[in-house]
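S.K.: One structure follows; several queries about it will come next.
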Amino acid sequence: MYIKTQEISHPLLEENEIRLFIKRIDLIDYFVSGNKYYKLKYNLLEAEKQKVSTILTFGGAFSNHIAATAFAAKQKGYKSIGIIRGEDTIPLNDTLSFAKEHGMELNYISREEYRQKYTDTFITNLQQKLGNFHIIPEGGTNKFAVKGTSEILDENDTQNYICTAIGTGGTISGIINSSSDNQKVLGFPALKGSEDLEKGIRSWSNKQNWKLITDYHFGGYAKISEELIQFIMDFYHKQNIPLDAVYTGKMMFGIFDLIQSDFFPKGSSILAIHTGGLQGNKGMNTRFNLNLPHNL
Ligand SMILES: *Cc1c(COP(=O)(O)O)cnc(C)c1O
């Protein structure tokens, strides 16, 4: 599969003698965009192996994973069920109406129930109600996902630094596993609090050549600021590359900020992974009256 990598040009990069590339895995599939394509790949193959015809997964109302799973499941002929945290709202938001239009059956559960979602009782109840299914956890991270995300890097990706946004850690884990020891993998968490995240990553990967950069969550998951939105719009106009406001926009903001503060030695090359997520911008636009680029 051919995946485009683009070099970014910017005066700050020239000044600091740094080369910055962006790997456009967001372009792999219009809807099953970015890292979610890799995270779903072996999950769908596993469902086929297990001969189950239903994919069941979990997520919040704006989840990229929910949107991607709905589309990918339909594309491959599976039924999909999304267990959604929180109340049924009318009208459905952009993410959920997309999922529903692509055949996902939406089941809403309370936040309290949602916390119990991986207990045996809860799963057994679901099976009794809904029949047999292949279960994918919230955010899509499991061993099949990490196998998939280890295919994001290939032999051409020889930069000194690899940067990726982080939610659950499945994507960075696969990237770490396929990086070479002389590369450093930098993860930019979109959530506050990174201790569980570090533990999680260590459970998927034994390598040490990675580090979390925890200063660019902008107050937490899906929190935004005017400065961030300005950065994303500016990047879009100057580079013609759309970034999402939850993950890739924060990562790219962080990369530029780190360059400015001399984090990277002169002569470094950086590869940023564009993990996608652009469907989420539509919901952001609706909620905050913005004009971010999106793909819905
Ligand atoms: C889901 C998502 C991530 C986070 O991936 P994890 O494997 O959960 O860390 C990063 N970027 C985008 C655009 C995403 O949609």
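The values are calculated or read from the model by the stated rules, or taken from the named source; none is laboratory data. Keep in mind it's a predicted model, so treat the numbers as computed, not measured. Here Cβ is always computed from backbone atoms with ideal geometry, including for glycine, and neighbour counts include all displayed protein chains.
S.K.: Looking only at the range 148-159, count every residue that is within 15 Å of the chain's Cα centre (by Cα) and buried (at least 21 other Cβ atoms within 10 Å of the Cβ) and tell me the total.
M.R.: 3
Matching residues to (1) more than 13 Å from the ligand (Cβ to nearest atom); (2) modelled with pLDDT under 95:
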site: His10; (1), (2): yes, no
site: Arg24; (1), (2): no, no
site: Phe31; (1), (2): no, yes
site: Asn43; (1), (2): no, no
site: Ala47; (1), (2): yes, no
site: Phe62; (1), (2): no, yes
site: Thr69; (1), (2): no, no
site: Ile83; (1), (2): yes, no
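S.K.: How many residues are in contact (Cβ under 8 Å) with a residue 60 or more places away in the chain and more than 16 Å from the ligand (Cβ to nearest atom) if we restrict to the range 255-296?
M.R.: Start the filter on the range 255-296 by keeping residues that are in contact (Cβ under 8 Å) with a residue 60 or more places away in the chain, which leaves 255-256, 259-260, 262, 264, 266-280, 282-284, 286, 288, 290, 292, 295-296.
Next, only the ones that are more than 16 Å from the ligand (Cβ to nearest atom) stay: 256, 259-260, 262, 264, 266-270, 286, 288, 290.
Summing the residues that are in contact (Cβ under 8 Å) with a residue 60 or more places away in the chain and more than 16 Å from the ligand (Cβ to nearest atom) in the range 255-296 gives 13.
S.K.: Now for a separate question. Determine whether Ala222 is within 15 Å of the ligand (Cβ to nearest atom) and part of a strand (DSSP E or B). Spell out the reasoning first.
M.R.: Numbers: within 15 Å of the ligand (Cβ to nearest atom): yes; part of a strand (DSSP E or B): no.
Spelling it out, it is not the case that Ala222 is within 15 Å of the ligand (Cβ to nearest atom) and part of a strand (DSSP E or B).
S.K.: For the range 198-237, name all the residues that are within 26 Å of Asp154 (Cβ to Cβ) and within 17 Å of the chain's Cα centre (by Cα).
M.R.: Those that are within 26 Å of Asp154 (Cβ to Cβ) and within 17 Å of the chain's Cα centre (by Cα): Gly200, Ile201, Trp204, Leu212, Ile213.
S.K.: Give the residue that is farthest from Gly276 (Cα to Cα), with candidates limited to residues of the range 181-210 that are touching a residue at least 24 places away in the same chain (Cβ under 8 Å), of a type in the set (D, E, K, R) and surrounded by 11 or more Cβ atoms within 10 Å (Cβ to Cβ).
M.R.: Lys207
S.K.: Just a yes or no: is a residue in the range 216-229 of a type in the set (Val, Ile, Thr), under 24 Å from Gly169 (Cβ atoms) and touching a strand residue (DSSP E or B) at 6+ places or on another chain (Cβ under 9 Å)?
M.R.: Within the range 216-229, not a single residue is of a type in the set (Val, Ile, Thr), under 24 Å from Gly169 (Cβ atoms) and touching a strand residue (DSSP E or B) at 6+ places or on another chain (Cβ under 9 Å).
S.K.: Looking only at helices (runs of 4 or more DSSP H) that lie completely in the range 1-83, which have at least 2 residues being in contact (Cβ under 8 Å) with a residue 40 or more places away in the chain, over 22 Å from Met252 (Cβ atoms) and out of contact with any strand residue (DSSP E or B) (no Cβ under 6 Å at 6 or more places or on another chain)?
M.R.: Answer list for the range 1-83: 35-49, 64-75.
Yes or no, residue by residue, for (1) surrounded by 15 or more Cβ atoms within 10 Å (Cβ to Cβ); (2) among the hydroxyl-bearing types (Ser, Thr, Tyr):
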position	(1), (2)
Phe71	yes, no
Lys79	yes, no
Ile84	yes, no
Thr89	no, yes
Glu113	no, no
Thr124	no, yes
Ala145	yes, no
Tyr161	yes, yes
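S.K.: Something else: Given the range 104-205, what strands (runs of 3 or more DSSP E) lie entirely inside it while holding 1 or more residues that are within 16 Å of the ligand (Cβ to nearest atom)?
M.R.: Qualifying strands (runs of 3 or more DSSP E): 134-136, 161-166, 184-189.
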